[in-house]
1. Among the helices (runs of 4 or more DSSP H) contained in region 67-148, which hold 2 or more residues that are free of Cβ contacts under 8 Å to residues at least 40 places away in the same chain?
2. In this structure, is Ser145 over 16 Å from Gly65 (Cβ atoms), at pLDDT below 95, small (Gly, Ala, Ser) and buried (at least 16 other Cβ atoms within 10 Å of the Cβ)?
3. Please work out which one of (1) over 16 Å from Asn39 (Cα atoms); (2) touching a helix residue (DSSP H, G or I) at 6+ places or on another chain (Cβ under 8 Å); (3) surrounded by fewer than 16 Cβ atoms within 10 Å (Cβ to Cβ) is the condition Ile193 fails and give its number.
4. Give the residues of region 103-127 that are of a type in the set (Val, Ile, Thr) and surrounded by 15 or more Cβ atoms within 10 Å (Cβ to Cβ), sorted by residue number.
5. Which residues, taken from region 5-60, are assigned to a loop (DSSP other than H, G, I, E, B), among the small types (Gly, Ala, Ser) and in contact with a strand residue (DSSP E or B) (Cβ under 7 Å, 6 or more places away or on another chain)?
6. Out of all the residues in region 162-169, is one or more over 23 Å from Pro87 (Cα atoms), without any contact (Cβ under 8 Å) to a residue 24 or more places away in the chain and in contact with a helix residue (DSSP H, G or I) (Cβ under 7 Å, 6 or more places away or on another chain)?
7. For region 159-171, does any single residue satisfy the condition of being of a type in the set (A, V, I, L, M, F, W, C), touching a Gly at 6+ places or on another chain (Cβ under 9 Å) and either surrounded by 16 or more Cβ atoms within 10 Å (Cβ to Cβ) or under 22 Å from Gly111 (Cα atoms) (or both)?
8. Looking at (1) aliphatic (A, V, I, L, M); (2) surrounded by 17 or more Cβ atoms within 10 Å (Cβ to Cβ); (3) modelled with pLDDT under 95, which is the one condition that is false for Val35?
Amino acid sequence: MILLIFAIIVGSYLLGSIPFGLLIGKMNGIDIRKVGSCNIGATNVSRTVGKNWGKLCFFLDLMKGFLPTFIATMIFSKNAELKSFVPLLAGAASMLGHMFSIYLKFTGGKGVATGGGIILGLAPWTFVAAIASWAIVFLISRYVSLASIVAAASLAIYAIIFRFLGIQFVPWTSIIFFAVIGSIAIYRHHSNIKRLLNGTENKFERKK
């Protein structure tokens, strides 16, 4: 059992480490780390390679978080004790892999899409609510970074609300985990926060 848990954690980290944004850029003759914001995430891919490629990158990064948590949940579905924390470990490993990729000398992205995938695997309604918050903030402000920060900050709040309303039972361990990964995602946006405060952050312009 211990070996299985260890294998899940290592596999989750290695999956999370795959730099899909960089690979998509390379496929199009672009080193995504040297253009735009130099970030390997979907936003920079969308700006520098194309919106469809950006959507693909977002989906793949989302799956890096979703698959490990979902698979771990299925494997330990009949073991209440292990089911309560092994998926959290798998999700944490995949997010660490995305942010500190072994393939990129322990550098990486900001973890928003991968973190979203983890939430999708653990608490789907919380994910839907966070995505709705992201969409509303983005449509109003046109700032991806601001929308991502708001969505990250709302994760634990939505989970608590849904728990007490009886919409979806989310264990307190998961709620604390959501608060932690949300805080990490916000911290990874510290440069964006500075630009937002200075009024120099890039935004997606509305189509005419």
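1. So the answer is 80-83, 124-141.
2. yes
3. Result: Ile193 fails condition (1) only.
4. Val112, Thr114, Ile118, Ile119, Thr126
5. Across region 5-60, there are no qualifying residues.
6. no
7. The answer is no; no qualifying residue exists.
8. (2)
The values are calculated or read from the model by the stated rules, or taken from the named source; none is laboratory data. Only a predicted model underlies this, so the values are computations on that prediction, with no experimental measurement involved. Note that we place each Cβ from the backbone using ideal geometry, even for glycine, and neighbour counts take in every protein chain shown.
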